[in-house]
Amino acid sequence: MKFEQCEVYGLRSIYLNPEDIRSTWIKQRRGTQKEKVSTVRQVCSRRKIDLFVDVGANYGEFTSAVIGVVNKAICFEPNPFVFPYLNKSFENEKNVTMHQKAVGTSQESCKFTIHKNYSGGGRLGNSWERAWKDPRYEHLQDDSFYQTVDVEKIKLNEFLNNQQFESIFIKIDTEGGEEDIINSIEENLSNKRWFILYEKNDNKPINFGREIMGFSNTDVLIGSDE
């Protein structure tokens, strides 16, 4: 397993797999989601957020941006080819914990399909939907690059029941099912200050909180206040 460090957003270095397409993009741009990461860091700092939860953490770009401005960060990343890099990036951070698990509305062992050379777009289930369109990588699109592995999935609402916080920021990127997960934690967020950044995949309604900001693609920031 090869490890390579890269400083992202001028904040800190994280570890990457140099053979991963997405790592190449991170290195070229020094972080692939500058606008969203900047917003998350500003909100966490301004609102003095207690707990940051990174669901679908990948290499930890978002978590790297909130270290030092939140009291605790928790990362979930089910991809077995990415988790070792996430773990190495934050293993010495006493306020960061990492779980190699998927997150959803049920607790079970399930199938997770990934691309061996592209860490973005892994999804629950045993089928693959093409996650990127780039003619430079057409040679990586045949079935031999896909793999389905067994992963453990936890219920986010039950997990949050065991956490102590008065304010929370949750980033959710699960390549589908974000709205179901968010709706399942409404009770956990009652009487708390909270913010959620998520990718609108299923376009199901979320009937609590309010939209604070939309981004250039499908990502939306909602919360209990500004």
* For segment 192-226, enumerate the residues that are over 18 Å from the mean Cα position of the chain (by Cα) and among the basic types (Lys, Arg). => LYS192, ARG193, LYS204, ARG210
* Asked: Out of the residues in segment 87-144 that are in contact with a Cys (Cβ under 9 Å, 6 or more places away or on another chain) and over 22 Å from ASN17 (Cβ atoms), which is surrounded by the fewest Cβ atoms within 10 Å (Cβ to Cβ)?
  -> GLY125
* Asked: What is the one condition in (1) in contact with a Gly (Cβ under 8 Å, 6 or more places away or on another chain); (2) surrounded by 12 or more Cβ atoms within 10 Å (Cβ to Cβ) that ASP202 does not satisfy?
  -> (2)
* **Pairs, first over 30 Å from VAL69 (Cα atoms) in segment 92-118, second basic (Lys, Arg) and buried (at least 17 other Cβ atoms within 10 Å of the Cβ), C-beta under 7 Å, six or more apart** => SER106/LYS153; SER106/LYS155; GLN107/LYS153; GLN107/LYS155; GLU108/LYS153; CYS110/LYS153; THR113/ARG123; TYR118/ARG22
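Please state which one of THR97, THR148 is of a type outside the set (Gly, Ala, Ser) and closer than 20 Å to VAL40 by Cβ.
THR97
Bear in mind that the values in this text are calculations on the coordinates, not laboratory data. All values derive from a computational prediction rather than experimental measurement. Neighbour counts are summed over all protein chains in view; Cβ atoms, including those assigned to glycine, are modelled from backbone coordinates with ideal geometry.
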